[in-house]
Amino acid sequence: MTRRQESLSDSECAGMALRWIIVQHVPWEGPGLIAAAALARGLPADVRRMDLGEAVPHVDEMAGLVVMGGPMSVHDTASYPSLAAEQQLLLDAVARDLPVLGVCLGAQLLAAALGARVYKGPSAEIGFGEVSLTGEGCSDAVLGGAGGTLPVFHWHEDTFEVPPGAARLAGSPLYANQAFRAGRRAYAFQFHVEVDRDLASEWATRLPRGVDVDEGRRGEVERTGRRILGRFFDLACAES
């Protein structure tokens, strides 16, 4: 998806006059399959680049919000002042019942915005793996419907507590809290399912030694990601 993407005239969600906002923190953690899922549904979206000094948007601008990952911590607000404003934006979006998706750092920011603790995990979790769905996860409109485990890509060393009132949806042996839903359609994914081929190529040179981006496993994550992200945007459209 290009920045300032124009709306498609045959949008399946043509009634949504406002645009989706995708907040990006670093060049190599773009929206990937998230952009593809939005485009497939004709959803107009802007990518706002925090790394290029663009302003954090206002909640009045948006039909929905996606906040991507990055190597910084939620607590690094002195070095990255936009993080505090992003937390407020996430809080405002949830309060208005807008569809929200936080990925990796975005998930941690959403947890912090909703009053949960974000802290260093037991050790870094990096590479292809799985998450196991909870009972709520198995019946969830976005994550459920394809068995009790999901193939994902991990790249994190911070974690979060599930916010008060939110539903815990997934975990892994190392990180018990991998996904939650707050309200009807605000989702946090600690893991990555947005990894298309271009994004994998961007990541390959930045991953620690010994962590390979195997194309076969990436393809498996992509197939899962397309299903999950499609269901997320379909839910956003259906309940708008």
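Go through region 196-240 residue by residue and tally those that are part of a helix (DSSP H, G or I) and touching a Lys or Arg at 6+ places or on another chain (Cβ under 7 Å).
The first filter runs over region 196-240 and keeps only residues part of a helix (DSSP H, G or I), leaving 197-204, 215-238.
In the following step, the residues that additionally are touching a Lys or Arg at 6+ places or on another chain (Cβ under 7 Å) were identified as 200, 233, 235-237.
Qualifying residue count for the region: 5.
Examine region 11-20 for a residue that is closer than 15 Å to LEU105 by Cβ, surrounded by 19 or more Cβ atoms within 10 Å (Cβ to Cβ) and either at pLDDT below 95 or in contact with a strand residue (DSSP E or B) (Cβ under 8 Å, 6 or more places away or on another chain) (or both), and state whether such a residue exists.
The initial filter retains those residues of region 11-20 that are closer than 15 Å to LEU105 by Cβ, namely none.
No, there is no match, as no residue in region 11-20 is closer than 15 Å to LEU105 by Cβ, surrounded by 19 or more Cβ atoms within 10 Å (Cβ to Cβ) and either at pLDDT below 95 or in contact with a strand residue (DSSP E or B) (Cβ under 8 Å, 6 or more places away or on another chain) (or both).
Restricting region 172-189 to residues that are closer than 15 Å to THR149 by Cβ and crowded, with 20+ Cβ neighbours inside 10 Å, which is nearest to the chain's Cα centre (by Cα)?
Applying the filter and picking the extreme gives PHE189.
Condition check ((1) touching a residue at least 40 places away in the same chain (Cβ under 8 Å); (2) touching a helix residue (DSSP H, G or I) at 6+ places or on another chain (Cβ under 8 Å); (3) not aliphatic (A, V, I, L, M)) across all residues:
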site	(1), (2), (3)
GLU130	yes, no, yes
ASP140	yes, no, yes
PRO151	yes, yes, yes
GLU157	no, no, yes
ALA166	yes, no, no
ALA170	no, yes, no
GLY216	no, no, yes
GLU222	yes, yes, yes
ARG227	yes, no, yes
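Filter region 195-240 down to residues that are β-branched (Val, Ile, Thr) and over 18 Å from the mean Cα position of the chain (by Cα) and give me whichever is farthest from ALA146 (Cα to Cα). Give the derivation first.
Keep residues of region 195-240 that are β-branched (Val, Ile, Thr), which gives 195, 205, 211, 213, 221, 224, 228.
Right, trim to over 18 Å from the mean Cα position of the chain (by Cα) and you get 205, 211, 213.
Numbers: THR205: 32, VAL211: 27, VAL213: 24 Å.
For region 195-240, the residue satisfying everything is THR205.
If VAL66 meets every condition in (1) surrounded by fewer than 24 Cβ atoms within 10 Å (Cβ to Cβ); (2) not in a helix (DSSP H, G or I) apart from one, which number is that one?
The failed condition is (1).
The values are calculated or read from the model by the stated rules, or taken from the named source; none is laboratory data. This one's a predicted model, so the numbers in the text were calculated from it and none came from an experiment. No Cβ is skipped: glycine too gets one built from the backbone with ideal geometry, and neighbour counts run over all protein chains shown.
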